[in-house]
Amino acid sequence: MTTPGADEAREKLLVNLTPELRRDLRIRAAEHGLNMQDAATSAISLWLETPSAPEAETKGSRSWGVFLPAGTPARFTQECETRGLTKVQGMAQAITLWLQAHPSPDVRRVSQPVKRILVGNQKGGVGKTFVASGLAQAMAEMGLRVLLVDYDPQGHLTSRLQIPGLPDGADSLLKHMLGEADKHLARSLVALPHERFGGRLHVLPASKDAFLMDAKLALLQVGRDTCLARALAPLEDSYDVIVLDGPPNLGLAIDLAINYVQRRPGELIDHSGILMPVWSDRSSFDAYEMLNEQIVTHCRMTGAVVDQLGFVINAYDPRKGVVTRSFYDGWHELTTPGQLATIRDLVEGREASDYQVPLLEHAPDSEQANVMRALAKELAA
């Protein structure tokens, strides 16, 4: 979720943008050490100085919102009218110009903390485990070191990857959060053996004591808000990305996960945050409203800044009728956060879960696998 900075007044610009340009802008901005909103501001400034910008591709544009310095949206809109362009074409031209003027550098300009992504939603059964696992697989396949945390006490992620549980003698995540562990948390990790992931994808399995997490942590008097961050801190230097498969509730455990993915000092907007799988139905909209309320309340009470990375519309099937299609359009109309990917309801995903095989191993050339790769490329920036 691209949110306004506290250092200057900003206004929201609503415009349609192709997913390809949005993705390229996010990636290139991160490569140059810029927040996405600052890159968009720079792009518009460049476009304003280029009166004869070439026409850009706009087919497939979707709603998108970005916060710009006060006055910039009005100036951009007026200049589009002067040039006889739609805002969609004007923004596409601006971003295309900026991408051409700012090629990928050889070395990332600004170092960042480990990327932390919570895959969360209050509603169960929307595909949190499927998305968290597929995203982690795609990131590992592209060369990143990834830790995938089964943070759901039901342990679906652990079982779907054919992991029997914690290794012998290992301490659970909860024990580390409570300060009761005897061994390093790295002793609890399991590496997926598939050659595709090159030994870069490790899993922290679920433990049965996670069902008691809220009750036990409620008794913790000191340092409760940061106990998850303290438990995972010893592992962070070993990974590029940490992905948490969140539980289907809004209890204390999810509050701690929200706190863990908050923006750290010097961290770029949308580098870490919450990714939300949803369905095209009313209950998913209701669930998001509850999750969003919890995020807003948490930020207000703690002073944290938590970025909502966007929605992944999962198990979409337009044949289910006009109501399903209307809710699908409703997710696309939300601009902050926006819709990042659509995963259609296809057999490969169900087979991978039933056979307990990673999706990218079971069906590496499938449409769903390629959607995961595109999502990973964008979020890895």
Inset, instruction - Residues being touching a Lys or Arg at 6+ places or on another chain (Cβ under 7 Å) and open to solvent by 20 Å² or more (accessible area, probe 1.4 Å): count how many of those fall in the range 117-141. - result: 1
Inset, instruction - Being open to solvent by 40 Å² or more (accessible area, probe 1.4 Å) and of a type in the set (A, V, I, L, M, F, W, C) is the filter; apply it to the range 29-47 and report the residue that is nearest to MET91 (Cα to Cα). - result: LEU46
Inset, instruction - Kindly indicate the residue of the range 71-116 that is among the basic types (Lys, Arg) and not in a loop (DSSP other than H, G, I, E, B) and also surrounded by the most Cβ atoms within 10 Å (Cβ to Cβ) among those meeting that condition. - result: ARG116
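Rundown of residues vs (1) assigned to a loop (DSSP other than H, G, I, E, B); (2) surrounded by 15 or more Cβ atoms within 10 Å (Cβ to Cβ); (3) more than 18 Å from the chain's Cα centre (by Cα), yes/no style:
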site: TRP331; (1), (2), (3): no, yes, no
site: PRO337; (1), (2), (3): yes, yes, no
site: ALA341; (1), (2), (3): no, yes, no
site: VAL357; (1), (2), (3): yes, yes, yes
site: LEU375; (1), (2), (3): no, yes, no
Legend entry - Breaking point among (1) assigned to a helix (DSSP H, G or I); (2) open to solvent by 50 Å² or more (accessible area, probe 1.4 Å), for PRO54: (1)
Legend entry - Neighbours by Cβ (under 9 Å, 6+ apart or cross-chain): first from the range 287-299, closer than 15 Å to LEU256 by Cα; second among the acidic types (Asp, Glu) and open to solvent by 30 Å² or more (accessible area, probe 1.4 Å): GLN294/ASP255; HIS298/ASP255
Inset, instruction - Tell me, please, whether a residue that is assigned to a loop (DSSP other than H, G, I, E, B), surrounded by fewer than 20 Cβ atoms within 10 Å (Cβ to Cβ) and not hydrophobic (A, V, I, L, M, F, W, C) can be found in the range 206-220. - result: no
Inset, instruction - Looking only at the range 303-324, count how many residues are outside any helix (DSSP H, G or I), under 16 Å from SER284 (Cα atoms), open to solvent by 10 Å² or more (accessible area, probe 1.4 Å) and out of contact with any Asp or Glu (no Cβ under 7 Å at 6 or more places or on another chain). - result: 1
Legend entry - Long-range neighbours under 6 Å by Cβ, at least six apart or interchain, first residue without any contact (Cβ under 8 Å) to a residue 24 or more places away in the chain within the range 328-354, second part of a loop (DSSP other than H, G, I, E, B) and polar (S, T, N, Q): GLU348/SER366
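Conditions (1) outside any helix (DSSP H, G or I); (2) touching a Leu at 6+ places or on another chain (Cβ under 7 Å); (3) modelled with pLDDT under 95; (4) surrounded by 14 or more Cβ atoms within 10 Å (Cβ to Cβ), marked per residue:
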site	(1), (2), (3), (4)
ALA186	no, yes, no, no
GLY199	yes, no, no, no
LEU244	yes, yes, no, yes
ALA257	no, yes, no, yes
ARG263	yes, no, no, yes
Legend entry - Flag if ARG145 is open to solvent by 40 Å² or more (accessible area, probe 1.4 Å) and under 22 Å from MET276 (Cβ atoms): no
Inset, instruction - Could you please give the count of residues in the range 152-184 that are in contact with a helix residue (DSSP H, G or I) (Cβ under 8 Å, 6 or more places away or on another chain), outside any loop (DSSP other than H, G, I, E, B), open to solvent by 40 Å² or more (accessible area, probe 1.4 Å) and within 27 Å of GLU361 (Cα to Cα)? - result: 2
Inset, instruction - Among the residues of the range 170-180, write down those that are closer than 24 Å to ARG145 by Cβ and free of Cβ contacts under 8 Å to residues at least 24 places away in the same chain. - result: ALA170, ASP171
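The values are calculated or read from the model by the stated rules, or taken from the named source; none is laboratory data. The structure presented is a predicted model; accordingly, all values stated were derived computationally and were not measured. Counting neighbours? That spans all protein chains shown, and the Cβs are built from the backbone with ideal geometry, glycine included. Please note that ligands, DNA and RNA were not included when accessible areas were found on the heavy atoms of the full protein model with its side chains. Shrake-Rupley method; radii C 1.70, N 1.55, O 1.52, S 1.80 Å.
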